[in-house]
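**Student:** What follows is a structure written as structure tokens; I'll ask about it next.
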Amino acid sequence: MANRRYVSYPRVEGSASRQAHADFPPGTYERELGKEGFFGPATHMYHRHPPTGWTDWSGPLRPRCFDLNRIEGVRPSPWDAPLCLHNAQVRLAFWRAPTRMDHLARNADGDQLIFVHEGAGDLFCDYGHLEFRAGDYIVVPRSTMWRLECAAPVSALLIEATGGSLMLPDKGIVGQHAIFDPAMLDMPRLDDAFRAQQGEVETKVEIKRRGAISTVTYPFNPLDAVGWSGDLSVCRINVRDIRPLMSHRYHLPPSAHTTFVGPGFVVCTFCPRPLETDPGALKLPFFHNNDDFDEVLFYHSGDFSSRDNIEAGMVTFHPCGFTHGPHPKALRGMFEAKREATDEYALMLDTREALEIAEAAGAVENEAYVHSWRAHAGAAPIAKVAAGD
Ligand SMILES: [Fe+2]
């Protein structure tokens, strides 16, 4: 079979910047039109108006915002956690965990990523005991048995890599120790706390396979390992241990912040970072249509003052098919040059296949979100600041 290449070759038409995200033509707004999630062919277009300057919207495709804080109720089992967004390759649920799980959970449908939004506690699993706290990503390999004991009320995002594995991204020319060193991944230990929970006590294991739950009962606690050897385990990294890539002269695309890769999706982490200092460099997320991916952003903690009406615990969902970009308040902040750094933690889930909105998310939607860019109608061109003039 012959080698393939994109139907693509670089051309310049009209007035355009030679360097993406910097030194725009005066009075213009830059929009990136890109394939393959910021890796593929892309064009940067320079517009007279903000691409988010719509005045009305009809039909099912629109930017969405869901306030997960309004999803109430502790669910004893993670398999009962309200499903929010899903497709055939990934499922995102929001779980308020019980103080102490009375059974073991086992997901036979795929690797499980637990992102601890609030709370702290102890995880017990096949591989041992692992403490956790807010901001932790916990990677649970498919079919691992586990349960939580919570020292403070826990809410968590549950992201299932349906039918596949969670992997680390290729870090390319920055090398394996950048962003976070693999040595920062913490593993469970067969410690005193693990041994203390063992015993001849009846234990149920709730196994999820093809979405259905089967329950296996043991007359003992099956988390009874005395040792193990291998390279498969639960592991943990906290968002505060992630050291984001940045450039003082170039606004890096979201893909620079990729933390995990699953089948048909990526998970990225946005951490506090200094803003670009080069006078010609863009200092905000650029307007873009990420033409092959749906984009989900979960706001974990920090100061979201650059985003209008967004608080911790909220999710924005920008399906593939339209252009999105900074809110008017962010643009005003740029003009006033008040900010030197971002101070927020957010998790992004980008999916190759279209996501469905589940009932739990639909019930907590802020339907006015689509209109939150309205002030753009009278906004001054971003290039006035981005070009430093
Ligand atoms: Fe985006």
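**Student:** Suppose every K and R has +1 on its Cβ and every D and E has -1 on its Cβ; what is the size of the dipole of the chain about the Cα centre, in Debye to the nearest 20?
**Tutor:** It comes to approximately 880 debye.
**Student:** Something else: With Cβ to Cβ distances under 15 Å as the rule, what net charge do the other residues near Cys84 carry (K, R +1; D, E -1)?
**Tutor:** Local net charge: -4.
**Student:** Follow-up question, since we're still on this one. Take the solvent-accessible surface of the protein heavy atoms, probe 1.4 Å, and return the percent of it on region 217-334 that carbon and sulfur atoms account for.
**Tutor:** Here it works out to 55 percent.
**Student:** Residues with amide H under 5 Å of Leu85's amide H, sequence separation 5 or more or different chain, H placed in the peptide plane at 1.01 Å from N; which?
**Tutor:** Amide H to amide H, under 5 Å and 5 or more residues apart or across chains, Leu85 pairs with Leu92, Ala358.
**Student:** May I ask you to evaluate 6.51 cos²θ - 1.76 cosθ + 1.60, the Karplus curve with θ = phi - 60°, for each residue of region 194-211 and list the ³J(HN,Hα) values in order in whole Hz, giving x for glycine and proline?
**Tutor:** Whole-Hz 3J(HN,Hα) from phi for region 194-211: 5, 5, 5, 8, 7, x, 8, 10, 4, 9, 9, 10, 8, 9, 9, 9, 6, x.
**Student:** By per-residue mean of other Cβ atoms within 10 Å, what is the highest-first order of 265-271, 77-83, 244-250?
**Tutor:** My ranking of the peptides, most packed first, is 265-271, 77-83, 244-250.
**Student:** Under the Karplus relation 6.51 cos²θ - 1.76 cosθ + 1.60, θ = phi - 60°, what is the ordered set of whole-Hz ³J(HN,Hα) values for region 229-237, x standing for Gly and Pro?
**Tutor:** 9, x, 10, 10, 6, 4, 9, 9, 9
**Student:** Further, regarding this structure: Please go through region 92-144 and write out the chymotrypsin sites (Phe, Trp or Tyr not before Pro) that DSSP classes as loop and that have at most 12 other C-beta atoms within 10 Å.
**Tutor:** none
**Student:** On a full-extension model of 0.36 nm per residue, what is the gain between Glu367 and Asp102, subtracting their alpha-carbon distance, rounded to one decimal in nm?
**Tutor:** Here the answer is 91.6 nm.
**Student:** Return the percentage of antiparallel bridges among DSSP beta bridges fully within the chain, rounded to the nearest 5 %.
**Tutor:** Among the beta bridges of the chain, antiparallel pairing accounts for roughly 90 percent.
**Student:** Using alpha-carbon positions, what is the distance between the centroids of region 211-244 and region 117-167, in Å?
**Tutor:** 8
**Student:** With a ≥ b ≥ c taken as the square roots of the eigenvalues of the C-alpha gyration tensor of region 109-163, please select rounded if a/c is under 1.5 and otherwise prolate if a/b is larger than b/c or oblate if it is not?
**Tutor:** oblate
**Student:** Separate question: For the chain, what does the alpha-carbon gyration tensor say about shape, rounded, prolate or oblate, given a ≥ b ≥ c as the root eigenvalues, a/c under 1.5 as rounded, and a/b over b/c as prolate?
**Tutor:** Prolate is the answer for the chain, as a/c is 1.5 or above and a/b outweighs b/c.
**Student:** How large is ³J(HN,Hα) for each residue in region 149-156, as worked out from phi by the Karplus curve 6.51 cos²θ - 1.76 cosθ + 1.60 (θ = phi - 60°), to whole Hz, x for Gly and Pro?
**Tutor:** Taking θ as phi minus 60°, the curve returns 10, 9, 7, 9, x, 9, 10, 8 Hz for region 149-156.
**Student:** Can you pull the one-decimal nm distance between simple spin-label points at Ser8 and Asn309, each 7 Å off the Cα toward Cβ?
**Tutor:** 3.6
**Student:** Still on this structure: What residues qualify as long-range amide H neighbours of Asn107, i.e. H under 5 Å apart, gap of 5 or more or another chain, H built at 1.01 Å from N?
**Tutor:** So Asn107 has HN proximity to Ser143, Thr144, Lys208.
**Student:** Okay, next question. Counting other Cβ atoms within 10 Å, keep those with at most 14, restrict to DSSP loop, and tell me which GluC sites (Glu not before Pro) in region 225-315 are left.
**Tutor:** Hits after loop and neighbour filter: Glu311.
**Student:** Going by amide H atoms built from the backbone, whose H comes under 5 Å of the H on Ala120, apart from near neighbours?
**Tutor:** Ala151, Ala152
**Student:** I would also like to ask the following. Order the peptides 351-358, 175-182, 3-10 from the highest to the lowest mean number of other Cβ atoms within 10 Å of their residues.
**Tutor:** Ranking, from highest mean packing down: 351-358, 175-182, 3-10.
**Student:** Decide, for region 1-74, between rounded, prolate and oblate: order the square roots of the alpha carbon gyration tensor eigenvalues as a ≥ b ≥ c, take rounded if a/c falls under 1.5, and otherwise choose prolate if a/b is larger than b/c, else oblate.
**Tutor:** It comes out oblate by the Cα gyration axes.
**Student:** Right, next: With a cut-off of at most 10 other beta carbons within 10 Å, and DSSP calling the residue loop, which GluC sites (Glu not before Pro) in region 194-258 qualify? Please list them.
**Tutor:** Passing sites in region 194-258 are Glu200, Glu202.
**Student:** Eight or more residues apart or on different chains, and alpha-carbon atoms under 18 Å: count the Lys pairs in the chain matching that.
**Tutor:** Taking the Cα cut-off of 18 Å, the pair count is 6.
The values are calculated or read from the model by the stated rules, or taken from the named source; none is laboratory data. Everything numeric in this text was worked out from a predicted model, so none of it was measured. Note: ideal-geometry Cβ built from the backbone for every residue, glycine included; neighbour counts use all protein chains shown. Just the protein is used for accessible areas: all its heavy atoms, side chains included, with ligands, DNA and RNA removed. Shrake-Rupley method; radii C 1.70, N 1.55, O 1.52, S 1.80 Å.
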